[in-house]
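What follows is a single structure, written as structure tokens, with notes after it.
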Amino acid sequence: MPSHITSCKLNASETAICGGIAGITTRFAISPLDVIKIRLQVQSTRSQNIKYNGISQTFKTIVQEEGIRGLFKGNVAAEYLYLTYGISQFYAYYHVDQFIDKKMQVIPSLKPFVSGMIAGSFATTVTYPFDLLRTRFALQGTNKVYNSLSHAVLDIVEKEGIGGFYRGLGSSITQIMPYMGLMFFSYEGLCSFAQRLKEKRMVSDKQSRITDMICGSLAGIISKAGVFPLDVIRKRLQVQGPHISEYAVSSIPTYYQGSVLKCLTRTVQTEGICALYKGLLPGLLKAGPSGAVYFLVFEFSKDCMTSMKENGYRLLSNNTLLSAST
């Protein structure tokens with residue numbers, strides 16, 4: 001199955017820039033749902049102080065206590081995260097996809113899964129400190145643990161060391177490999193199906209943007225539902241540390257042994273299997289629009305950049321955009 005993402009006239013750097021544009025646009029669109037999801041994920045159902053209960057109640061509580069800005073807490077760190085993640089992910093995906101074509105024998109239908117899995121792992125490792133900061137800022141209530149991004153960075157270095165920026169990285173890698181594998185596998189498969197519909201004239205070329213949104217939305221929902229329990233464990237591990245009792249959610253469980261398997265086992269033993277699906281509904285409500293916006297903006301950016309190249313512009317290897325001689 002030919003790759004829908006890399007089968008264009010763009011090189012790796014240009015593809016990566018399209019991914020970065022898609023990332024920052026997506027983040028702004030889904031920030032409120034992300035904050036709601038994180039707060040539902042980290043609180044313990046065994047606690048007597050359950051503060052958040054459902055999407056609408058969580059939304060109202062945050063707005064009442066923290067204002068509309070509360071729904072965008074952690075957005076600065078998250079914008080850095082989504083920008084760098086989009087760039088590194090699509091850059092890696094491009095090269096892995098090309099490498100598999102030339103050097104490896106992989107079933108064509110599985111190539112997007114393998115490429116997405118490796119690209120997602122690479123991007124997660126590169127951008128993980130931003131992810132951790134995003135989570136901690138999203139959990140801040142009216143009493144701020146961190147006053148600014150620079151304060152958070154300095155505080156973590158001082159009290160937790162450099163390793164503090166990588167709390168929960170193991171669970172993130174464990175989650176992201178199947179997640180991004182499923183994401184790209186689903187998206188490429190859905191795009192191939194949509195292309196066949198176009199060839200049969202069942203879908204018009206004028207509906208390509210709608211098709212991009214539908215394919216991206218379904219890919220986001222499929223991948224999120226498949227790995228959601230690991231996302232819950234990742235969020236809980238990220239907020240462990242000296243400030244765990246100071247966040248807006250006071251019932252965050254403490255894990256003294258931070259392996260993914262031990263945290264997952266303890267969560268099931270103390271809270272039941274359903275605890276692994278806390279925040280699933282806002283997670284899916286976020287994943288659908290997130291996937292739709294992500295791939296829609298990526299495809300739009302890709303088409304714009306391709307058009308610019310065809311009309312006399314080129315993107316050099318040093319990422320400087322110059323006009324070709326006329």
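Taking the range 292-326 as the region of interest, how many residues are in a strand (DSSP E or B) and either modelled with pLDDT of 85 or more or in contact with a Pro (Cβ under 8 Å, 6 or more places away or on another chain) (or both)?
Here the count works out to 0.
Which numbered condition in (1) at pLDDT 90 or above; (2) open to solvent by 20 Å² or more (accessible area, probe 1.4 Å) is the only one that CYS18 fails?
(2)
Regarding SER186, is this residue within 15 Å of ALA123 (Cα to Cα), in contact with a Cys (Cβ under 9 Å, 6 or more places away or on another chain) and open to solvent by less than 40 Å² (accessible area, probe 1.4 Å)?
no
Working only within the range 222-274, note down all residues that are of a type in the set (Lys, Arg) and open to solvent by less than 50 Å² (accessible area, probe 1.4 Å).
LYS224, ARG234, LYS235, ARG236
Among the numbered conditions (1) modelled with pLDDT of 85 or more; (2) open to solvent by less than 70 Å² (accessible area, probe 1.4 Å), tell me where LYS198 comes up short.
Of everything listed in (1) modelled with pLDDT of 85 or more; (2) open to solvent by less than 70 Å² (accessible area, probe 1.4 Å), LYS198 misses just condition (1).
How many of the residues making up the range 229-256 are within 24 Å of THR127 (Cα to Cα) and over 22 Å from the mean Cα position of the chain (by Cα)?
Of the residues in that region, 6 qualify.
Looking at the structure I just gave you, is VAL42 among the aliphatic types (A, V, I, L, M), crowded, with 23+ Cβ neighbours inside 10 Å and at pLDDT below 90?
yes
Mind listing whichever residues of the range 20-50 are in contact with a helix residue (DSSP H, G or I) (Cβ under 8 Å, 6 or more places away or on another chain) and not in a helix (DSSP H, G or I)?
SER44, THR45, ARG46
Name the residues in the range 275-285 that are open to solvent by 50 Å² or more (accessible area, probe 1.4 Å) and either of a type outside the set (A, V, I, L, M, F, W, C) or in a loop (DSSP other than H, G, I, E, B) (or both), would you?
Correct list: TYR277 only.
The values are calculated or read from the model by the stated rules, or taken from the named source; none is laboratory data. Everything numeric here is computed off the predicted structure, so don't read it as measured data. Cβ coordinates were reconstructed from backbone atoms using ideal geometry, including for glycine residues, and neighbour counts include every protein chain displayed. Accessible surface areas use protein heavy atoms only, side chains included; no ligands, DNA or RNA. Shrake-Rupley method; radii C 1.70, N 1.55, O 1.52, S 1.80 Å.
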